[in-house]
Amino acid sequence: MSDFRIPPTNAQAPAQATAGRRLGPSRRSVLASGAAAGLGAALPMGWAKPARAEPKRGGVFRVGVHDGSSTDTWDPATTESIMMIQANHVVRSFLTEITNQNELGSDLALSWEATKEDATEWRFELAQNATFHNGKKVTAEDVIASINYHRAEGSASAAKSLLDGITNIRADGDYAVIFELDSGNADLPYLMSDYHLTIQPAQPDGSIDWANGIGCGPYKVIDYSPGISAAFVRHDGWHRIDEGAWFDEVRMTVLNDPNARQAAIVTGDVDAVTDVDLKTAGRLAQAPGVILDNVPSGTHITMPMFCDVAPFDDLNVRLALKHAINRQEIVDKILFGYGTIGNDHPIAPSMPYYADLPQREQDLDKAKYHLKQAGMDNLSVEISVNDAILAGAVNMCSLFAEQARPAGIDIKVNQEPVDGYWSNVWLKKPFCVVSWAARPTPDIMFSQAYKAGADWNESHWENERFNQLLLKAKAETDDALRSEMYAEMQMLCRDDGGTIVPFFRERMSARRDNVLREDTIAAVWELDGARGYHRWWFA
């Protein structure tokens, strides 16, 4: 048997029996510590942490969520907003998850193993007690239909590029599925935790039923108004009911304005909020009954430039903009120190395979040099942004504009409407601001946003060497060789790519002090990796 194995568990054992078990020796560096999934432990701020208490059931968990839109839908292929990422984790299950220890753990899959030495075939054993909200049992047929929904020809799914190497998915009885790949992929179990890859009921024609938000997760939908609110009630048929879903109900309200979120958590109108305005975080920490959860993470801001649209099709223009930005000043003034500077690639210092490349710093002489190399004495561009991306994002762009002006670069800041930003601006306008959560491995991040032809390749960047390395690194089981490949890929992003990465931010959310949780929380998404809804409980 290969090194890429998590030992099977009894089908009736609780899902956490395999949670946090790490892959074999050749994968040791990927989860060498609690921070290795790109992320670190949460450090509460403000009032003292409540004494530990055993979880108990009861209560209505009210959450103020940022980044919701009237264009939101339950279609897992097109999930983009924070609101829908959170909601999908409330009602739906995945094969695997990132645990509160920031390790790979079980969800619907109790165990998984590479059944070939080169990791070109994987077998996932499914929980046999899982049911959808309509009472239908979850079987291998549902898993196959759900993953194939994203793989289908013409699929609009952002996860399609992640699944390109899968050639076939087949059932091994009712409660196991086998993935066949055209080349080895040591990261396949991590990939199955991606927030698009929810498991839906299969239809007779092999499609899936997603329109009404049905799932097999801890809560079921009872009310949903896109861009406004959603309400859920506990699904007593959840296959992990013994380990979570402590709240009787969950109610989510879209609060895109950071001031509205702060007011709601201070007054107790909500029990938690997904994002805290960093400029007022210190004051909020002093509010009676409020606890801040500050989580170091690989979450980052990008400023993608379309590499196939003038003037960004000229590498010298892209380099001029990259040399014109003062990253440290942005971290200090916009993040108030709650972050680390970026280096124009998406792999954070806390993530596996991070390469310690020479740090790019503001250099106005180099910016001017590259403009001259592009045949320009000055440059005028427009950047699109709104504060739902990040509290202070508009001010960040205004600061960038001030920083770049002495180099002869004029940046016009366009403040776009919050509603429809993901459908009307991102991937549509040639220079904008985007917020990315960390992915658990570099391959997943690169495959989604930097691979040529990927649906979410937001800069339209194509680099032949980068794409060759992406294929090789995915199948490489020697950590030293894999590290070398990922280091070169980060360098190519920095020096040739179309994306400015100014910083990696810490995730800052808030909760009332009667909301209890474990000592550590996941940082892949807000509120414990979007799983606080079933992991947390009321005092």
Margin query: In whole Hz and in residue order, list the ³J(HN,Hα) couplings for region 452-466 that follow from phi through the Karplus curve 6.51 cos²θ - 1.76 cosθ + 1.60, θ = phi - 60°; x for Gly and Pro.
Written below: 4, x, 5, 4, 9, 6, 6, 9, 6, 7, 9, 9, 4, 5, 4
Item checked: Ranked packing of 202-210, 163-171, most packed first, by mean Cβ within 10 Å -> 163-171, 202-210
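For region 421-539, what is the Kirkwood estimate of the hydrodynamic radius, computed as the reciprocal of the mean inverse distance between distinct Cα atoms, to one decimal in Å? Write out the running numbers ahead of the final one.
Details: mean 1/r = 0.0594 Å⁻¹.
Value: 16.8 Å, from the Cα pair sum.
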Checklist line | Amide H contacts of Thr131 (H built 1.01 Å from N, under 5 Å, at least 5 apart or other chain) | finding: Val138, His239
Item checked: Footprinting exposure proxy for Asp314, Asp67 (fewest neighbouring C-beta atoms within 10 Å first) -> Asp314, Asp67
Item checked: At 1.002 mPa s and 20 °C, Stokes D of region 300-505 from Kirkwood alpha-carbon radius, µm² per second -> 125 µm²/s
Check: If the chain between Asn259 and Asp308 were fully stretched, how many nm would it gain, using 0.36 nm times the residue separation less the Cα-Cα distance?
Finding: 13.8 nm
Margin query: If you take every DSSP beta bridge fully contained in region 300-505, what fraction is antiparallel? Give it as a percent rounded to 5.
Written below: 60 percent
Notebook entry, point to check: Which whole-Hz couplings ³J(HN,Hα) result when phi for each residue of region 94-110 is put into the Karplus expression 6.51 cos²θ - 1.76 cosθ + 1.60, θ = phi - 60°, listed in order with x for Gly and Pro?
Noted result: 10, 5, 10, 8, 8, 6, 5, 8, 6, 10, 6, x, 8, 10, 6, 8, 6
Item checked: Order by protection proxy (mean Cβ within 10 Å, highest first), peptides 90-103, 390-403 -> 90-103, 390-403
Note to self: Using Cα-Cα distances under 8 Å and only pairs 6 or more residues apart, what relative contact order does the chain have, in percent?
What the structure shows: 23 percent
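Highest first, please rank the peptides 441-451, 487-497, 329-339 by the mean number of other Cβ atoms sitting within 10 Å of their residues.
441-451, 487-497, 329-339
Would you compute, from DSSP H runs of 4+ residues alone, the mean residue ellipticity of the chain at 222 nm, taking -39500 (n - 2.57) per run and dividing by the full residue count, rounded to the nearest 500? Don't skip to the end; give the middle numbers.
On the way: 15 runs with 131 residues, N = 539.
Taking each H run of at least 4 residues, the total per residue is -7000 deg cm²/dmol.
What's the local net charge at Glu141, with K and R +1, D and E -1, over the other residues with C-beta under 14 Å away?
-2
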Notebook entry, point to check: Could you put Cys216, Cys432 in order, starting from the residue whose Cβ has the fewest other Cβ atoms within 10 Å?
Noted result: Cys432, Cys216
Next item on the list: With θ set to phi - 60°, apply the Karplus curve 6.51 cos²θ - 1.76 cosθ + 1.60 along region 150-156 and write out the HN-Hα couplings as whole Hz, x wherever there is a Gly or Pro.
Entry: 7, 7, 4, 4, x, 4, 8
Check: Where the only charges are on Cβ atoms (+1 Lys, Arg; -1 Asp, Glu), what is the dipole of the chain about its Cα centre, to the nearest 20 debye?
Finding: 1140 debye
Margin query: Under the 0.36 nm per residue contour assumption, what length would be gained going from the current alpha-carbon distance of Lys137 and Ser207 to full extension?
Written below: 23.5 nm
Next item on the list: Enumerate the amide H contacts of Gly420 below 5 Å, restricted to partners 5 or more residues apart or on another chain; note that Pro and chain-start residues carry no placed amide H.
Entry: Ser70, Thr71
Notebook entry, point to check: Counting DSSP beta bridges in the chain, what percent are antiparallel, to the nearest 5?
Noted result: 80 percent
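None of the figures in this text is laboratory data; all of them are computed from the coordinates on show. From a predicted model like this one, the values you see are computed outputs, not experimental measurements. Positions of Cβ are generated from backbone atoms using ideal geometry, with glycine treated the same way; all protein chains shown enter the neighbour counts.
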